[in-house]
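The values are calculated or read from the model by the stated rules, or taken from the named source; none is laboratory data. Being a predicted model, the structure only gives us computed values, none of them experimental. Glycine also receives a Cβ, built like all others from the backbone with ideal geometry; neighbour counts cover every protein chain displayed. Ligands, DNA and RNA are stripped out before the accessible areas are found, and what is left, the full protein with its side chains, is counted by its heavy atoms. Shrake-Rupley method; radii C 1.70, N 1.55, O 1.52, S 1.80 Å.
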Amino acid sequence: MGGVCSSLGICESTEDQQTVQQNDQQTVQQTDNIDNNDDDDDVKKGNNMVDAAVLDKLESGFAKLAASDSKSLLKKYLTKEVFDQLKTRKTSFGSTLLDVIQSGLENHDSGVGIYAPDAEAYTVFAEIFDPIIDDYHGGFTKTDKHPPKDFGDVDSFGNLDPTGEYIVSTRVRCGRSLEGYPFNPCLTEAQYKEMEEKVSSTLSGLGGELKGTFYPLTGMSKEVQQKLIDDHFLFKEGDRFLQAANACRFWPTGRGIFHNDDKTFLVWCNEEDHLRIISMQMGGDLGQVYRRLVTAVNEIEKRLPFSHNDRFGFLTFCPTNLGTTVRASVHIKVPKLAANKAKLEEVAAKYNLQVRGTRGEHTEAEGGIYDISNKRRLGLTEYQAVKEMNDGIAELIKLEASL
């Protein structure tokens, strides 16, 4: 994972900087069965032999992590007992505990430190995923279930900053995985190409405000590349967190970027998740941004089936994005609150907001501009996730104005 997961661990950093049929059927089955406790015990416990070299790497990596001063959730919950329980398990895709925790073993500064190489991993390695998911998402126990998708009344959000004094830009994004495919580390080159073809033809069929162009990363001209860099649309090959999780294989095959003509709607294909769907614009009109995203997600879903699970909601590579997968954020100027970081953090905590530097995780607030978003994505509806951000930002603006 590279981003929410790095300082929040590993999932979002790249975003902040900017045989197949059988496998397909297996994935669909495993997706549907994630929390089916009656699964065949051999698959559930992964009783296929784990390679000796993998076990050696796990043992030495675990010893180093245990001796480190890492603050990651992986270190917090990967006790020797849990480690010994999981180290010989495998999913039906052949994913081992090493595939799950390698990023956190290599990067002790991770905030989270684990990824799911395939949908089944959430069950097979539940003893490590469950407590981390519970901790990160602020309470989501083994018996909890994510509520059904609910975008709520899309007209209930408006402009948070009509005078344009505080909010520089607003953005809402979500992640989606295509049903019938594993996550990045298990994808074959042929599957990457097949997915890109499906996504490209689907997005090319969008009309109205969403009408736009798909740009494959493979064979991209320098001119197009520069244009996308100038617009801050181009994503780079994954950071060290994603690299360690084996999420960047066959790069740039199967990767691409779609944006509408107005540059307010963007889709990343096979960056960290199969799809990152993004709506954004300058200023504080959260209502417009949210409505555009909801329209887009609904349109795409009519054409491409998404991986969804009764317990975890929409499935993603990084466990911090499970559930709604929604991240609603603003770039906001609050220089007075910035001088009182404790107050800023206090309000953020009250509304479950995450405060980052201007360019995302591990960066400074340039000119007192912060990137502030909802932190919770699991165990609440899409509407509630965005409303937390809406209410928290409204409160921050009120405070800043009163100082």
Selection from Leu378, Gly283, Leu403 lying farthest towards where the dipole of the chain points positive, charges on Cβ:
Leu403
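Which of the peptides 177-184, 231-238 is most tightly packed, and how do the rest follow, going by the mean number of other Cβ atoms within 10 Å of each residue?
On the way: 177-184: 23.8, 231-238: 16.5.
Descending mean neighbour count gives 177-184, 231-238.
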Dipole of the chain, positive direction: furthest Cα of Leu266, Asn390, Asn309, with charges on the beta-carbon
Asn390
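Can you check how the C-alpha radius of gyration of the stretch 132-186 compares to 2.2 N^0.38 Å, as a plain ratio? Numbers along the way, then the final one.
Details: Rg = 17.5 Å, N = 55, 2.2 N^0.38 = 10.1 Å.
Compactness ratio reported: 1.74.
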Based only on Cα atoms, what Rg/Rh ratio does the stretch 273-313 have, Rh being taken as Kirkwood's radius?
1.05
What fraction of the Cα pairs in the stretch 167-402, stated in percent, has a spacing above 33 angstrom?
17 percent
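With +1 on each Lys and Arg Cβ and -1 on each Asp and Glu Cβ, and nothing else charged, work out how big the dipole of the chain is about its Cα centre, in Debye to the nearest 20. Write down the numbers at each step before the final one.
Details: 46 positive and 63 negative charges, 135 e Å.
Computed charge dipole of the chain: roughly 640 debye.
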For the chain, with equal point scatterers placed on the C-alpha atoms only and solvent neglected, what are the log10 I(q)/I(0) values from the Debye formula at q = 0.06, 0.08, 0.09 1/Å, to two decimals?
-0.22, -0.40, -0.51
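Which whole-number percent of Cα pairs in the stretch 285-403 have a distance greater than 22 Å?
Numbers: 2762 of 7021 pairs.
It works out to 39 percent of all Cα pairs.
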For the stretch 203-287, take the convex hull of the Cα atoms, compute a quarter of its surface area, and give me that in nm², please.
6.6 nm²
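Mind scanning Lys149/Lys398; Lys227/Lys387; Lys341/Lys387; Lys90/Lys236; Lys71/Lys350 and naming the pairs with a C-alpha gap bigger than 25 Å?
Result: Lys149/Lys398; Lys227/Lys387; Lys90/Lys236 exceed 25 Å.
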Carbon and sulfur atoms account, in whole percent of the 1.4 Å probe accessible area of the stretch 121-224, for 50 percent
Using only protein heavy atoms and a 1.4 Å probe, report how much of Arg291 is accessible, in Å² to the nearest 10.
70 Å²
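Rounded to two decimal places and with Rh computed the Kirkwood way over Cα pairs, what is Rg over Rh for the stretch 147-281?
Details: Rg = 16.4 Å, Rh = 16.4 Å.
Expressed as Rg/Rh, it is 1.00.
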Quick one: what Rg and Dmax do you get for the stretch 52-137 from the alpha carbons, in Å?
11.7, 35
With only helices counted (DSSP H, runs n ≥ 4, each -39500 (n - 2.57)), the per-residue ellipticity at 222 nm for the chain, to the nearest 500, works out to -11500 deg cm²/dmol
